[in-house]
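To start, the structure under review is shown below, and the notes come after it.
The values are calculated or read from the model by the stated rules, or taken from the named source; none is laboratory data. These numbers were taken from a predicted model, which means no experiment stands behind them. No Cβ is skipped: glycine too gets one built from the backbone with ideal geometry, and neighbour counts run over all protein chains shown. Ligands, DNA and RNA are stripped out before the accessible areas are found, and what is left, the full protein with its side chains, is counted by its heavy atoms. Shrake-Rupley method; radii C 1.70, N 1.55, O 1.52, S 1.80 Å.
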Amino acid sequence: MNTTTSSSIRPLASTATEALIEDVLCTFAISSADLPAEGHQFSDSASAFQRVQQYAFSQGFAVVETQKDEKRQLRVFSCVHYGKRTNKRKLTGDAVRKEIYREMDGVDEEGQALRQRQGLTRQSECLFAVTIKRLCYRRGVLKGERMGMWTVKHRNLSHNHRLEANPFLYPEHAHLHPGNIIAISDATKSRNRKGTYRQYLRAQDPKARQLSESEYYNLTYERHNTNENTPVHIIERMMQALTDAGFHVRRRWVETFEENVRIRRLDQIFFVSDAQVAKARRFCSGFVVELDAIFNTNATKMPLALTVGVDNCSSPFTEAVPPRST
């Protein structure tokens, strides 16, 4: 099969599909959805993945996260056609989709016989991969610690498959289709009526995107019906956002008993950046800082925070932080 590189141009689709693709690219707020250059930095891994996925959409393929190493703070985004497909029947020839097999009459451009791909596998051993990693400081007081930003590196930018003219055919991009909201709404109504997939297709709005059979029946899965606006989900997303932004985050929980029922409440959230840690180490390197917060000892019954320590010049210092006046 022919090998294409990331610089190849996506084949043109129909006029209507090209118009939809241009509308989606305009929503990205970028003109060409270029691949982030090596050394480009992102504040969080989700933003980096979104940017690479936007590039993939503009080029006619899709990416998935194939490696997530928390210890090394590494993420790998690969083409969805990564990996080696199985060939249990021991057939010869390159496996292609049914549409391509029929279009080329079972023979590639070099006259070699092709075989029709069996099942729904997308694997074709594609090598396209982009990595992002939080690098370590090489010098200074933070030497050896991870940076807050994620740095891009191009592992391989070549493909061994044809770029898709209509990127909406990839499930990873299906939600970008302007008719996706209508399609989800119609499918949900049909599922609530316990309708079959064929009944849904017969009653489908012609302007809507057509859901696949698996997408249609997956609407009943719990992951599609989970309410992500509960306080627990909001707090977890906030903690993840702070962590992805490079902050060191800690939580303090308080447990109480009400009517013999143990209740666990979130009392405090503490987060600090690498820059703040560096300044604290320079100010009190090798010395001690003691914090003490007292309450119910003044007329207003409000907390009073006292700070006592020794700075890097071996000079003692004290600080009192009274409550804000109202």
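Residues M238, M104, ordered by accessible area of protein heavy atoms at a 1.4 angstrom probe radius and largest first, appear as M238, M104. What the phi angles of the range 37-46 give under the Karplus curve with 6.51, -1.76 and 1.60, with θ = phi - 60°, is a coupling list of 5, 4, x, 5, 10, 10, 6, 8, 5, 5 Hz, glycine and proline written as x. The listed residues D105, D274, D267 rank as D105, D267, D274 when sorted by accessible area, largest first, using a 1.4 Å probe. Around the amide H of G179, modelled in the peptide plane, lie the amide H atoms of R209, all under 5 Å away and 5 or more residues distant in sequence or on another chain. The length gained by stretching the chain between M149 and H175 to full extension, at 0.36 nm per residue less their Cα-Cα distance, is 6.5 nm.
The residues of the range 120-203 expose on average 59 square angstrom of accessible surface per residue, using a 1.4 Å probe on protein heavy atoms. Modelled spin labels at A16 and E236, positioned 7 Å past Cα toward Cβ, are 4.1 nm from each other. Solvent exposure of L74, expressed as accessible area, is near 10 Å², computed with a probe of 1.4 Å over the protein chains only.
Going by accessible surface with a 1.4 Å probe and the largest first, R191, R138, R102, R155 read R138, R102, R155, R191. Beyond 31 Å in Cα-Cα separation lie the following of the pairs K68/K194; K84/K153; K84/K189: K68/K194; K84/K189. Accessible area per residue was computed with a 1.4 Å probe on protein heavy atoms; T27 scores about 100 Å². Measuring r between the beta carbons of T243 and E319 and using R0 = 35 Å, the FRET efficiency lands at 0.75.
Once the chain from A278 to A305 is taken as fully extended at 0.36 nm per residue, the excess over their C-alpha distance is 7.4 nm. Per-atom-type breakdown for the range 145-221 gives carbon and sulfur 53% of the accessible area (1.4 Å probe, protein chains only).
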